[in-house]
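Heads up, the thing below is written out as structure tokens.
The values are calculated or read from the model by the stated rules, or taken from the named source; none is laboratory data. All values reported here derive from a predicted model rather than from experimental measurement. Ideal geometry is used to build each Cβ from the backbone, glycine not excepted, and the neighbour counts take in all protein chains shown. The protein model used for the area step is the full one, side chains on, heavy atoms only, and it has no ligands, DNA or RNA in it. Shrake-Rupley method; radii C 1.70, N 1.55, O 1.52, S 1.80 Å.
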Amino acid sequence: ANSRLQHEYVPSAHLSAACTCLAWAPPGGRPPPSKDGPQRKKRKSEVAEVDKQLDILAIGTAVGSILLYSTVKGELQSKLDGGHDSRVNCVRWHQDNCCLYSCSEDKHIVEWNTQTCKVKCKWKGDNSSVTSLCISPDGKMLLSAGRTIKLWDLETKEVYRHFTGHATSVSSLIFTTVKPMNENKPFDGITGLYFLSGAIHDRLLSVWYIRSDRKEKNAVMSFTVTDEPTSIDLTVSEVKEEPVKLAVVCRDGQLHLFEHILNGYCKKPLTSNCTIQIAMPGNDGDSTPKPVPILAAAFCVDKQSLLLVYGNTLQPIIEKVSLNTTESHVCLIRDIQKVLSLKTDVALTKVKTPVVNSDTRVLVPGIPGHSTAVKIPSLGKEKKKNKRKPGETEESIEERLGALDIDVSKVKTPGGLPQTDSFAVLLVQGLESNDAEILNRVLNTRKENVIKNTVARMPIHAVIPLLHELTKRLQGNPYSASLMVRWLKSVFTLHASYLCTLPDLIPQLGTLYQLMESRVKTLQKLSRLHGRLFILVTQVAASEAVQDVTEVNQTAKLVYED
């Protein structure tokens, strides 16, 4: 619901055997036999819980083994080996839960017993690799596809029907109906059903009809989309008049919605009733919206709304969208960066502010470089010689203890903080608890090397809060501003590479830039004014100095005439 990562599992051999396909075991099936003796009977409430919860996940790998992982226990339950000797392309669970089907690049299909972890049956499925599987609604038939599509009878493992399929490898097979449309004939579990197939590099999704005879092998209708389909979800029609709703996500990040009653042959490819795209609003300077790819879509239980997954695969956003639209093209505007930055902020600031009363001293934790200089009082130095000279009286224990006792007043520095070469921990504490007293003490430091060390040792996540704090203080009186500039200088020189990676750097530093601009704007005028005033003042001083000199007698003492 809040699109947060709930569970993460990395198989131990994930580098040599990458995961290639996934399938959830149907919920509420028989649990694997427990190893600790006879099972106790479960209460009704427990059974109901088991029915709802998805637990076992089958994961196919690139080397041919299949892992069964329990998400509830958070551990690997078993590993199915010995069936395939090449990449597993698709895994599908049978409805009875202890049976699993897999297909591989090695052209074979394997039926597994998941309780004994053994191969029940293995047969050749195609002349080339088998890429996709789908089990029929009644569980008696299996669709398999490489390029051509085959329908297998699971009891005899023989091909029941052939279909022409696609020109490229089929990537998805889904049954679209569970009952045939004309209900007057008896239903044998498969005849009269429709199923859908999509292939890689193919922009047409084909619908196939399973007939009672073997004549027709071609698709009865097709849906056209804009790019190769990556995720397909549909609502199965159970009533005759109810149309099948189909949601197809393409590789270009668009979602196409189709609504169609499956009733026989249709020559023309059907186009989508509605196309959904997601875009990000443009920035202030650039007003063109940027597209955000939709990664997957699924219908909710009510069949009227969709769950959309969009953004990037590392941090996708999941959102519920209702489908009450008549428009053929919908573009949803979503500001991803805001949503993501909000999410990360919430995660960062789960800091409980400690209640600090006025007479508490904050001690610096023991991080390398945070060693407090302890000054030993001079008393101890004089008494180094243990041997007493004859005639000297022995010190009393009280005096000795007095000599050992470190004079606290001498250790304290005038600022009240222990002497250290960096205040990184204190600074982070101050920023997280927003404690003005700590921040004032740390930020009023004038020593260049202390500032440098503090900025270098502070954790990355505190850089932006520190910048905000400095920006706030720069707006104060000029004296504190001159101190803050020293801090700014070290932050920018030491953390430049981190700041460059932030996508929203410009809005973060906006006020800071404006402050600097406005401060620097007046510099030229001020220096001119300073120059003029300097000249004026020196002139005035010079004229005053001239007035102080006593009058010189101007008449000549001697006149020489030739």
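A few points about this structure:
- For the range 421-502, the square roots of the Cα gyration tensor eigenvalues, ordered a ≥ b ≥ c, give a/c below 1.5, which places it in the rounded category.
- Normalised radius of gyration (Cα atoms, divided by 2.2 N^0.38 Å) for the range 45-204: 1.09.
- When each of 120/215; 150/179; 140/268; 452/472; 124/217 is checked by Cα-Cα distance, pairs over 28 Å: 120/215; 140/268
- Neighbourhood charge, 12 Å Cβ-Cβ cut-off, centred on residue 431 and excluding it, Lys, Arg +1 and Asp, Glu -1: -2
- Carbon/sulfur fraction of accessible area - the range 421-502, other protein chains in place, 1.4 Å, %: 57 percent
- The alpha-carbon atoms of the range 472-553, seen along their principal axes, cover 81, 21, 20 angstrom, with the largest extent given first.
- Simple Cβ-charge dipole of the range 421-502, Lys/Arg +1 and Asp/Glu -1, about Cα centre, in debye nearest 20: 280 debye
- For the pair the range 267-310 and the range 428-472, the centres of their Cα atoms are 44 angstrom apart.
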